[in-house]
Structures are given as C-alpha cells and as structure tokens.
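Chemist: Structure provided below as structure tokens; questions to follow.
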Ligand code: NAD
Ligand code: UDP
C-alpha cells in the first residue's frame, strides 16, 4: 500500500508513519509544520519508502503516483494552538478535509478522518458513545476546532453518500506519549515538562474535570485497523480509564519524583467537565481495545521527555 498521511510530522502522525513503514507500506507525509516538527520524522528518513513534502492541506494538494489510502490528520490539536490559529484551524477542518477527500477520490483510495471527542463538546451524556450528537457551543472560542471537525465529519459522509468514496471516521479521545511538543499546552505535556523543570503544575479550575488518556501506541493500532477495514464509523478510539486532572497531576509528581507545587489557574471557557469513551463499537468492528495502562504509558512518556529536555539543555549550553 502507498498511504498519504497528512499532518504526518505531528505527534500522532509521526507514530502512524512509523507503524505503516515498519509493516512495509510506502508513506507520503504531507505537513506544513505549523505545529509539527521535522525532528518527529527525522528517524524515518532511513526508510526508502518514506517521502516527506511540505504542503498546506488548506490549499489544493497533489501527490504524484498511485495512492491507496489517505489518513487526514492535519489540524492544530492542542487548545492553545487552535486558539492562536483560529482561521487556520477552521481551514484545515473544512478546505483541508475537502482537499484530502479529493485526493482520495482521484485515486480511488480509502479515506480516514482523524476526528475528535471534541465533537461531543461538554457532553450532557456520560460516557459518550457514537450515537450521542454532542453539546457544542457553536460560537465559543473552542468552536473553531469543534465545529471544524463536525464539518469535516459531515463532508466526509457526504463524499461517501454522493460519490461513493470509501471513508472512515475515528473520534480520537485524549492521547499522550513521545513526540508531544513539551510546551504545547496540553495537560500531559505541560505537567511532565513542569514537573521535570521544577516549575509549579498548572491545574485549571479545581482539577475535578476528567479526561480518558490513551497511550499513543494503542491509538495508532486503532488508526491502522481503521485504514485496513471498510468500516465507515464514526468509531470512538480512546482509553475508557477516566482520570481527574488533579489525580493526573499527582501521578506525574509521583513518577517524576518532582517536588513541584500545584498551582490552580482559572478554568478555560467551555472546558468539558467529563469525558470518557464507550469503545464497544471499536471492539466489535475493529477488534480494538487499548492495552497500555495509564501508569505504564506515563512512565514511558516521562522517560522520553526527560531525554528530550536533557538534549535541549545540552544544545543550549554548547
Ligand atoms: P499535532 O499538532 O502534533 O499534529 C498535527 C499536524 O498537522 C502537525 O504536524 C501540523 O504541522 C500539521 N498541520 C496542521 N495544519 C496543517 C495544514 N493546513 N496542512 C498540513 N499540515 C498541517 O496534533 P496531534 O495530536 O498529532 O493530532 C493529529 C490529529 O489527530 C489532529 O487532526 C487532531 O485533531 C486529532 N486528534 C488528536 C488528539 C490527541 O489527543 N492527540 C485527540 C483528538 C483528535
Ligand atoms: N489542563 C490543566 N492544566 C494544563 C493544561 C490543561 O489543568 O496546564 C486541563 C484542561 O483545562 C482540561 C484538561 O486538562 O480540563 C485537558 O486539557 P487538554 O488541553 O490536554 O485537552 P482537552 O481540553 O482538549 O481535552
């Protein structure tokens, strides 16, 4: 298979590119490097079947040669990233998704959309299964991301219904692991970086809000399964182990051995109170379920951040 991964230099995209290359696929990574980094895929250049092209998915894209599948991951994903790039985020979800779908249509390829649990907004139903329509504030600051992804899902299914394109939608819940940007503002990357640097851990609100945390290798197995199936979805991909943000802060302090204090900051506007996936559909249709317990995944992630921050310090000193 020759697979296009848009957003392939980002956190999830770089792991997906690697998983596909390791099983013998050819991979074309398209990225505009707005939130991703070339270092995330530097180790993949040794694979002759790996191509990387700078491309903005919101502008028309073309890829020479045959394409068997398109995985569309290109979009800012961390709240501080999409809040500082609101128009680019809307464009990535709308025009970017249309361009990725067109690429799939021209090549008669399968198309998989990386959607998000944010389509459920601040959910009034708990836990969330795929039948739930969500509770999104359409004019709040987060709407640039949530509504862009809801449009992306709508246009993806319209391509299937009107043009017969083979599409699949996954709704990804909070995922963490190596290759996150240390200061991207997401909760796991922030807490680990703060703990390792001896800075206070910034807990927003009272810390009682919950998220479900999936380790990246589990998530990527789900993406690969979706690419290889003919399932349309939407399918939730996430770890149903639910954590409060306050407990997560304690876990990070415990694993890092840090004596950082915990500092409370105001809760961002429209911050969802609870979030946890029902994954029955993923289990039944893709044979997928997460395997890495949060404490294990967090230990691996802390180790990666420790090495990464050490390299950064060494580079700054030399
Ligand atoms: P990320 O920011 O690390 O990666 C996104 C990548 O897309 C980056 O490399 C960025 O440079 C690239 N990109 C952004 N806009 C682009 C454009 N217009 N053209 C080309 N490239 C562009 O984020 P991530 O966590 O790896 O997320 C990847 C995808 O998964 C996103 O679509 C995100 O919405 C979705 N997702 C992620 C999570 C999560 O917890 N990580 C949860 C839900 C959904
Ligand atoms: N959060 C926090 N401190 C931080 C970053 C995030 O307490 O430094 C909280 C945030 O308010 C939210 C949860 O952690 O309740 C997850 O935030 P993240 O930005 O990682 O993801 P999302 O809100 O998109 O689920």
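The values are calculated or read from the model by the stated rules, or taken from the named source; none is laboratory data. As the structure is a prediction and not an experimental result, all values here were calculated from the model. Counting neighbours? That spans all protein chains shown, and the Cβs are built from the backbone with ideal geometry, glycine included.
Chemist: Taking the conditions exactly as written (touching a strand residue (DSSP E or B) at 6+ places or on another chain (Cβ under 7 Å) and either within 16 Å of ligand 2 (Cβ to nearest atom) or more than 22 Å from residue 187 (Cα to Cα) (or both)), does residue 74 satisfy them or not?
Modeler: It is false that residue 74 is touching a strand residue (DSSP E or B) at 6+ places or on another chain (Cβ under 7 Å) and either within 16 Å of ligand 2 (Cβ to nearest atom) or more than 22 Å from residue 187 (Cα to Cα) (or both).
Chemist: Could you say whether any residue in the stretch 176-190 is touching a helix residue (DSSP H, G or I) at 6+ places or on another chain (Cβ under 6 Å) and more than 18 Å from residue 77 (Cβ to Cβ)?
Modeler: Looking for residues that are touching a helix residue (DSSP H, G or I) at 6+ places or on another chain (Cβ under 6 Å) and more than 18 Å from residue 77 (Cβ to Cβ), one finds none in the stretch 176-190, hence no.
Chemist: Could I ask something else about it? Can you pull out the residues in the stretch 71-97 that are buried (at least 18 other Cβ atoms within 10 Å of the Cβ) and part of a helix (DSSP H, G or I)?
Modeler: 79, 81, 82, 88, 89, 90, 91, 92, 93, 96, 97
Chemist: Additional query: Could you name every one of the strands (runs of 3 or more DSSP E) located completely within the stretch 132-241 that has at least 1 residues being within 14 Å of the chain's Cα centre (by Cα) and buried (at least 18 other Cβ atoms within 10 Å of the Cβ)?
Modeler: 167-172, 210-212, 235-237
Chemist: Further question: Can you tell me which residue is nearest to ligand 1 (Cβ to nearest atom) among those in the stretch 12-70 that are in a strand (DSSP E or B) and within 25 Å of residue 238 (Cβ to Cβ)?
Modeler: Step by step, filter the stretch 12-70, then rank; the result is 31.
Chemist: Taking the stated definitions as given, is residue 114 surrounded by 24 or more Cβ atoms within 10 Å (Cβ to Cβ) and within 17 Å of residue 160 (Cβ to Cβ)?
Modeler: Working: surrounded by 24 or more Cβ atoms within 10 Å (Cβ to Cβ): yes; within 17 Å of residue 160 (Cβ to Cβ): yes.
The answer is yes for residue 114.
Chemist: What number goes with the only condition from (1) in contact with a helix residue (DSSP H, G or I) (Cβ under 7 Å, 6 or more places away or on another chain); (2) surrounded by fewer than 18 Cβ atoms within 10 Å (Cβ to Cβ) that residue 33 does not pass?
Modeler: Result: residue 33 fails condition (1) only.
Chemist: Which condition breaks for residue 3 when tested against (1) within 10 Å of ligand 1 (Cβ to nearest atom); (2) on the phi < 0 side of the Ramachandran plot?
Modeler: Only one criterion in (1) within 10 Å of ligand 1 (Cβ to nearest atom); (2) on the phi < 0 side of the Ramachandran plot is unmet by residue 3, namely (1).
Chemist: Looking at the stretch 165-196, which of its residues are under 19 Å from residue 264 (Cβ atoms) and more than 9 Å from ligand 2 (Cβ to nearest atom)?
Modeler: 192, 193, 195
Chemist: A further question follows. Any residue that is in a loop (DSSP other than H, G, I, E, B), within 16 Å of ligand 2 (Cβ to nearest atom) and closer than 20 Å to residue 184 by Cα - is there at least one of those in the stretch 103-120?
Modeler: The answer is no, given that none of the residues of the stretch 103-120 is in a loop (DSSP other than H, G, I, E, B), within 16 Å of ligand 2 (Cβ to nearest atom) and closer than 20 Å to residue 184 by Cα.
Chemist: Determine the pairs where a residue that is closer than 10 Å to residue 145 by Cα, located within the stretch 77-90, has a partner that is modelled with pLDDT under 95 and near ligand 1 (Cβ under 9 Å from one of its atoms) with Cβ atoms under 6 Å apart, the partner being 6 or more residues away or on another chain.
Modeler: Within 6 Å, the pairs are 78/184.
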